[in-house]
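The values are calculated or read from the model by the stated rules, or taken from the named source; none is laboratory data. Owing to the predicted nature of the structure, the values given are computational and were not obtained by experimental measurement. Virtual Cβ from ideal backbone geometry, glycine too; neighbours counted across all protein chains shown. Only protein heavy atoms, including side chains, enter the accessible area calculation; ligands, DNA and RNA are left aside. Shrake-Rupley method; radii C 1.70, N 1.55, O 1.52, S 1.80 Å.
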Amino acid sequence: MDYKEFKKIYEVSNRDISREVYRNNKGIILIKKEKTAVNNLEKIFNAVFNISYKKGFQAMSMRALSQKTGMSLGSLYAYFKGKEDLQDIIQIQGWSIIKKDLEKVLKSHNNPWERLKAVIKAHVFLSELFRPWFYFTFMEARNIKAVKSMEDHTQKILTNILVEGEKQGVFKLGNHELTASMIKAMQQEWYLKRWKYKKLNISVDQFAGHLMGLVEAFCLAPGQEGCA
């Protein structure tokens, strides 16, 4: 599956994400009208990502966010109590996107090699599809424990696939936990150092394909057929 095909299946609009955030945080958000809340949440997230990318979230003032969204300070506080709450909401939603879609991908393949390819590509493609959420989640991490939990979860998925594949003779013997860790580091390259690949004129499909070629050469057992 290439990025275009993946996008058709997994793409959701910023409005849909904002609606999900609203429904998951009704205990915090004081606005009762869903349409109004969703519209404003979309404005808030877009403004936060824009300011954070340029200055960093910690340097962002509530006044700057107010100016960027066109909302009063009082209106902003109807959606979150402060910057820390806003940061938590965004990071939790970013993690929810990763977890939910990776679980769908896992269920769609049984063969270890096909499953490994699908999960690795899905993570790269999701980071392209929801880049502001991925970038913010990892670059503006206040709760290191929460980010570590995300890392551990996605790395465990890769490790389990490699271990099961070794049992079936699909993958070589090896330190699968370390291999999974290295794969994760390469996946993160795409959204944390995007400037590097933009400069090289590398597309997301080229990046994912090259990564799969490396994984195939290192992991696949002799005699097994692979196609990145």
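Filtered by the rule that a residue be in contact (Cβ under 8 Å) with a residue 24 or more places away in the chain, among the aliphatic types (A, V, I, L, M) and over 19 Å from Asn24 (Cα atoms), region 64-103 gives Met71, Leu102.
Before we move on, is Ala78 closer than 29 Å to Met1 by Cβ and open to solvent by less than 60 Å² (accessible area, probe 1.4 Å)? No.
If we keep just the residues of region 180-196 that are within 15 Å of Ile120 (Cα to Cα) and open to solvent by 20 Å² or more (accessible area, probe 1.4 Å), which is modelled with the lowest pLDDT? Applying the filter and picking the extreme gives Gln188. The condition (being loosely packed, with under 12 Cβ neighbours inside 10 Å, closer than 18 Å to Tyr135 by Cα and of a type in the set (Ser, Thr, Tyr)) is satisfied by just one residue among Ser13, Ser18, Ser72: Ser13. On the basis of being in contact (Cβ under 8 Å) with a residue 40 or more places away in the chain and of a type in the set (A, V, I, L, M), does Ile51 make the cut? Against the criterion (in contact (Cβ under 8 Å) with a residue 40 or more places away in the chain and of a type in the set (A, V, I, L, M)), Ile51 does not qualify. Consider region 96-130. How many of its residues are assigned to a helix (DSSP H, G or I), open to solvent by less than 50 Å² (accessible area, probe 1.4 Å) and not β-branched (Val, Ile, Thr)? Total satisfying the criteria: 17. The number of residues in region 158-173 that are at negative phi and open to solvent by 20 Å² or more (accessible area, probe 1.4 Å) comes to 9. Exactly one residue out of Ile44, Ile31 is touching a residue at least 40 places away in the same chain (Cβ under 8 Å), outside any helix (DSSP H, G or I) and not basic (Lys, Arg), and it is Ile31.
In this structure, is Gln155 touching a residue at least 12 places away in the same chain (Cβ under 8 Å) and in a loop (DSSP other than H, G, I, E, B)? Considered against the rule, which asks whether it is touching a residue at least 12 places away in the same chain (Cβ under 8 Å) and in a loop (DSSP other than H, G, I, E, B), Gln155 comes out as no.
Restricted to region 158-180, and to residues there that are of a type in the set (Val, Ile, Thr) and touching a Cys at 6+ places or on another chain (Cβ under 9 Å), the residue that is farthest from His109 (Cα to Cα) is Thr179.
Search region 197-228 for residues being farther than 12 Å from His123 by Cα and β-branched (Val, Ile, Thr), and hand back the single one that is most open to solvent (accessible area, probe 1.4 Å). For region 197-228, the residue satisfying everything is Ile202.
Assess whether Trp133 counts as being crowded, with 17+ Cβ neighbours inside 10 Å and touching a Gly at 6+ places or on another chain (Cβ under 9 Å). So Trp133 passes the test. If I filter region 158-210 down to residues being part of a helix (DSSP H, G or I) and of a type in the set (Gly, Ala, Ser), which single residue comes out as farthest from Pro222 (Cα to Cα)? Selected residue: Ala185. Under the condition of being at pLDDT below 95 and either closer than 20 Å to Ala118 by Cβ or in contact with a Leu (Cβ under 9 Å, 6 or more places away or on another chain) (or both), the residues counted in region 197-211 number 0. Do we find that Leu86 is open to solvent by less than 10 Å² (accessible area, probe 1.4 Å) and closer than 20 Å to Asn14 by Cα in this structure? In short, yes.
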